[in-house]
Amino acid sequence: MDKGESTRIYGYVRVSSRDQNEDRQLIALHSAGVDAHNIYLDKRSGRDFDRPQYKRLLRKLKRNDLLCIQSIDRLGRNYEEILQQWRALTKEKGVDIAVLDMPLLDTRRGKDLMGTFLSDIVLQVLSFVAENERANIRQRQAEGIAAAQARGVRFGRPPLPLPENFEEHYQHWKCGESTATAAAKACGMALTTFRDRAAVYAKTTL
């Protein structure tokens, strides 16, 4: 860094869906002294991990800049990716990173060999813990959904009401007076939709 040149401080925020609130991360970054115009925010799910703002941030970061993140799992969606991003930032770009909720993960401290060694150990442990916790959450969600379905709870959007002429054309089809294709067309439905709704209707009218 040139003499007299000040370190540029950036922040990165990621939430996993558009309805999640990023305020907690923003407050932490502001408290750490990151200006609002230097904060990059992505709202992306774990499945869709294309992060346009993070890519913009990477192009902006220069050697000796400081990147602040609220927690280690903002860097990636799994253990391998977190480590990959950390090493790319610190080793390849020469950027310092400060993880605000874990002061041990601050590359400005302990620049000697022992400090770097301890930081790497803590990083690997925390990355593994973060990934393991996400896996546990997914498992608990899956178990909860399965238990609810066993109790008869239905998920997803409720089906649209049947058209007024559905019963009439259903009976014609049931008696062989018309084809399923003709009945579906008369009801304004796709053939597969008509068959699905007919199967449900048959159970409810037994």
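Please treat every number below as a calculation from the coordinates, not as lab data. This is a predicted model, so every value here is computed, not measured. Here Cβ is always computed from backbone atoms with ideal geometry, including for glycine, and neighbour counts include all displayed protein chains.
Would you pull out the residues with amide H under 5 Å of Val95's amide H, same chain only if 5 or more places away, H placed 1.01 Å from N?
Correct list: Asn64, Thr90.
Between Val122 and Thr181, with labels modelled 7 Å along Cα→Cβ, what's the label distance in nm to one decimal, could you check?
Label-label distance for Val122 and Thr181, simple model: 7.0 nm.
Based on the mean of other beta carbon atoms within 10 Å per residue, what is the order of 171-178, 62-69, most packed first?
The packing order, highest mean first, is 62-69, 171-178.
Give the peptides 133-139, 181-187 in descending order of average Cβ contacts within 10 Å, highest first.
Highest mean packing first, the order is 181-187, 133-139.
What are the residues whose amide H is under 5 Å from the amide H of Val13, where those residues sit 5 or more places off or on another chain and H is modelled from the backbone?
Amide H neighbours of Val13: Tyr40, Leu41, Asp42.
With a Förster radius of 25 Å, plug the Cβ-Cβ distance of Gln84 and Ala146 into 1/(1 + (r/R0)^6) and report the FRET value to the nearest 0.05.
So, using R0 = 25 Å, E works out to roughly 0.15.
Between Leu191 and His37, 0.36 nm times their residue separation minus their Cα-Cα distance comes to what?
50.1 nm
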